[in-house]
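What follows is a set of notes on a single structure, which appears directly below.
Every number here is computed from the coordinates shown, using simple stated rules; none is lab data. What you are looking at is a predicted structure, and each value in this text was computed from that prediction instead of being measured. When we count neighbours, we look across all protein chains shown, and the Cβ atoms used for this are built from the backbone with ideal geometry, even at glycine.
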Amino acid sequence: MTVSDAIQPDRGADIPEDRLLQNIKDYTAMSFALLWQRQAIFLATTILTAFFYDPINALLFYGTILMCEAQDLILARRVPRLRPDQRKAIAMMVIWILLNTILSSAAICLYAVSVAVKQPSGEHFTPLFFLFAAALFAAMNNHQFVWAMIVRLAMYGVSFMVIVVKDIWIEQPDLSSELWLHFFTVVFVMYFLIDCSLVFLKLYRRNLEQLEKLREEHERTKAAYIAKTQFISTVSHELRTPLTSIKGSLDLINSGALGEVPENMQNLVHLATKNSERLASLINDVLDIQKMEAGEMNYREGTIDVHALIREAIACNLGYASAHNVEYQEDIRDKNALYVKGDASRLLQVLSNMMSNAAKFSFDGGTVVVGCRKDGSRVRIFVKDQGIGIPQDSKDKVFDRFSQIDSSDERHAGGTGLGMSISREIVEHFGGTIDYESTLGKGTEFFIELPLTKKRVNGAAGRAYFRKTDKAPQDLRP
């Protein structure tokens, strides 16, 4: 399967069964959401008509409505479990919804007509208003399932006409009579209700189309992201294989195992070594970012001696300090041992990123102070330089991915712009924070704060073991 095939959206959502299932899910969800609102309306109607008209008929009406409401709740709980491939179950659910709609609408219509029958001609405000309220409620809230809306509006419309036409049939009034005014008013009200229902139906369908487009775009984006992740992972690992051979060969040359390097070739070999290390750093950073995005970053959590972590970080980065003509100075202010929970190799990676940045942005012959101090229930590990400093309002750039404070072609130091972003992810994973304080032209202090722990865990995972080396920070990553 090609990348272009992978990013094509699934068109299965366009089939009628899926759209119908979505309609009835939305319909029953709305029915469930408006349950108490409907109950308040029905209860108010029952109390009013029971007091002014026939209490027995009012109670009979309310009992029938409660039965329909109970059936609605049962259906609303079953619908979410339906799947698009269950065509028979969907069809049966549609039938049950329509039958229950007919029953509840019939109860409302018969009750309104029965109240109108007990009233004199032309004095049907109460039943007509009840029908209008029920029809408007259906137009506004039943548009998700168009057949249920049609059934309700049709039955309410028939009831409207039965009430007003009955009066005209019995009284046989002139055209100037108020009974005809009632008739034409009802016709206008029915037109208004139909128009409202069409407006809500169009809005609902437009929203469905927009949601469908968003869903398709999400599928394309997700497929593209998966393809990108696979591509980055494959390319990074493919680059690592020849790079390992290149670095290994250069290390052999630099070690003198193949003989002394001629003087006129030393600069060339040094340049090749330096750039192979930069390429290794870039590949490691990209792989770390890819793992973090995919949620596949592995951490081996244990209890770490902070003092040992700082000393090993300094020892591991001596070569990097020498290359930038700076000196690392230890500043451990607490005599008692301090312990934190974390992954020793990953926290060493964070310290290496902070120390390498401090070295790169320090002046020649400068000093970078690496230390720690206890701060309440937390420990602060800091790396302080006396370099060029960081401008104000640059924090987003410092911790963003692929971002540099100075992005010009003449910038002071190179880099991928990934190190501090990765460091923040690692530190925050262990419940810590990373930040900095800086004065332009005077230097910067980067620091991480982690919760202290008292008990040291035994075992390989809990021992902060570091292999001493003078290689660059990128070679320390697992």
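I need Ile314, Ile24, Ile150 ordered by Cβ neighbour count within 10 Å, fewest first. Could you put the intermediate results ahead of the total?
On the way: Ile314 18, Ile24 21, Ile150 15.
If I rank by nearby Cβ atoms, fewest first, I get Ile150, Ile314, Ile24.
I'd like to verify something in the chain: which complete DSSP H helices, judged by Cα projection on the helix axis, reach 20 Å or more and average at least 0.5 on the Kyte-Doolittle scale? Intermediate results must be reported in sequence, preceding the final value.
Values: long enough: 16-33 (25 Å, -0.55); 35-52 (26 Å, 1.09); 55-78 (35 Å, 0.75); 87-117 (44 Å, 1.75); 125-141 (23 Å, 1.79); 146-171 (37 Å, 1.52); 178-255 (111 Å, 0.08); 263-294 (47 Å, -0.33); 344-360 (24 Å, 0.21).
Taking the DSSP H segments of the chain (at least 20 Å long, mean hydropathy at least 0.5), we get 35-52, 55-78, 87-117, 125-141, 146-171.
Which is farthest toward the positive dipole end of the chain among Ala321, Phe363, Leu418, measuring Cα position about the Cα centre, with Cβ charges +1 (Lys, Arg) and -1 (Asp, Glu)?
Ala321
Using a simple spin-label model with points 7 Å from Cα along the Cα→Cβ vector, what separation in nm is obtained for Leu99 and Arg311?
8.2
Using DSSP to call loops (not H, G, I, E or B), can you name the GluC sites (Glu not before Pro) in segment 89-179 whose Cβ has at most 12 other Cβ atoms within 10 angstrom? Let's see the in-between values first.
On the way: sites: Glu123, Glu171, Glu178; in loops: Glu123.
The qualifying sites are Glu123.
Take the alpha-carbon centre of segment 238-262, take the same for segment 322-354, and report the distance between them in whole Å.
So the separation of the two Cα centres works out to 29 Å.
If the limit is 28 Å between Cα atoms, which of Lys247/Lys397; Lys374/Lys395; Lys25/Lys222; Lys335/Lys384 go over it?
Values: Lys247/Lys397 32 Å; Lys374/Lys395 25 Å; Lys25/Lys222 26 Å; Lys335/Lys384 20 Å.
Lys247/Lys397, as the Cα separations exceed 28 Å there.
Show me, bin by bin at 5 Å from 0, the whole-percent P(r) of segment 3-221 based on Cα pairs.
Here the calculated profile for segment 3-221 is 1, 6, 13, 15, 16, 14, 11, 8, 6, 4, 3, 2, 1, 1, 0, 0.
In which sequence would His143, His429 go, from the one with the fewest C-beta neighbours within 10 Å to the one with the most?
If I rank by nearby Cβ atoms, fewest first, I get His429, His143.
Starting with the fewest neighbours, write out Val199, Val379 ranked by other beta-carbon atoms found within 10 Å of each beta-carbon.
Final ranking by Cβ density, sparse to dense: Val199, Val379.
Please compute the modelled spin-label separation between Glu212 and Leu66, points set 7 Å along Cα→Cβ, answer in nm with one decimal.
It works out to 4.3 nm between the two label points.
Mind listing the long-range amide H neighbours of Val379? Cut-off is under 5 Å, sequence gap 5 or more, other chains count too, H placed in the peptide plane at 1.01 Å from N.
Leu450, Leu452
Measuring from label point to label point, each 7 Å out along Cα→Cβ, what is the Asn264 to Ala91 span in nm?
9.0
For volume of the Cα convex hull per residue in Å³, which listed value, (i) 271; (ii) 156; (iii) 206, comes from the coordinates shown?
This structure yields the entry labelled (i).
Compute the FRET efficiency between Leu243 and Asp435 as 1/(1 + (r/R0)^6), taking r as their Cβ-Cβ distance and R0 = 35 Å, and round to the nearest 0.05. Please report the intermediate quantities before stating the final value.
Working: r = 34 Å, r/R0 = 0.96.
That pair, Leu243 with Asp435, gives E of 0.55.
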